[in-house]
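Structure first, then comments.
No lab work stands behind these numbers, since they all come straight from the coordinates. Since the structure is predicted, the reported quantities are computational estimates derived from the model, not experimental observations. All Cβ positions, even for glycine, are placed from backbone atoms using ideal geometry, and neighbour counts span all protein chains on display.
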């Protein structure tokens, strides 16, 4: 599974407007609503925040992967977003988060959901890739960097 299989090129937010965990999730879900991927933003935000209560999806090193399952989506879908100043996302290492991959999967997709999370995690473990993403400014630059890394890594 490749990241570009479930990340629509229009689902990239080069500069997040919001500054706290809940608002960042709302902003990213809003992108999915705007793209027609989900209809009920309130329910999706609730699902994602409930998942956060189990433990932060801020995995450390400036990365968070908020995720959840919803009956509101037909296929796995993602949003990538960047924060210029960092967000307190209660990350495991206590550091601010700059890079976000939000993932929403259908309720029935257990193995695909796990594969998608694993793919995102694998790509973002690479410190050079994280640095590269932080430097990119436009949707096109971010998309190219993600696509290039997605092709390069097995």
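Can you pull out the residues in segment 93-113 that are part of a strand (DSSP E or B) and on the phi > 0 side of the Ramachandran plot?
none
Output the residues belonging to segment 48-69 that are farther than 19 Å from residue 111 by Cα and either assigned to a helix (DSSP H, G or I) or touching a helix residue (DSSP H, G or I) at 6+ places or on another chain (Cβ under 6 Å) (or both).
49, 50, 52, 53, 54, 63, listed by residue number.
Please verify whether residue 72 is in contact (Cβ under 8 Å) with a residue 60 or more places away in the chain, surrounded by fewer than 22 Cβ atoms within 10 Å (Cβ to Cβ) and in contact with a helix residue (DSSP H, G or I) (Cβ under 9 Å, 6 or more places away or on another chain), treating the condition exactly as stated.
no
Mind checking which residues of segment 126-154 are free of Cβ contacts under 8 Å to residues at least 24 places away in the same chain and not in a helix (DSSP H, G or I)?
154
Out of (1) closer than 17 Å to residue 146 by Cβ; (2) over 13 Å from the mean Cα position of the chain (by Cα), the odd one out for residue 60 is which?
It is condition (1) that residue 60 fails.
Residue check, residue 90 against (1) assigned to a strand (DSSP E or B); (2) touching a residue at least 40 places away in the same chain (Cβ under 8 Å); (3) out of contact with any helix residue (DSSP H, G or I) (no Cβ under 6 Å at 6 or more places or on another chain); (4) more than 20 Å from residue 147 (Cα to Cα), all met but one. Which one?
Result: residue 90 passes all but (1).
Name the residues in segment 14-31 that are closer than 27 Å to residue 152 by Cα and buried (at least 21 other Cβ atoms within 10 Å of the Cβ), would you?
Scanning segment 14-31 gives a single hit, 28.
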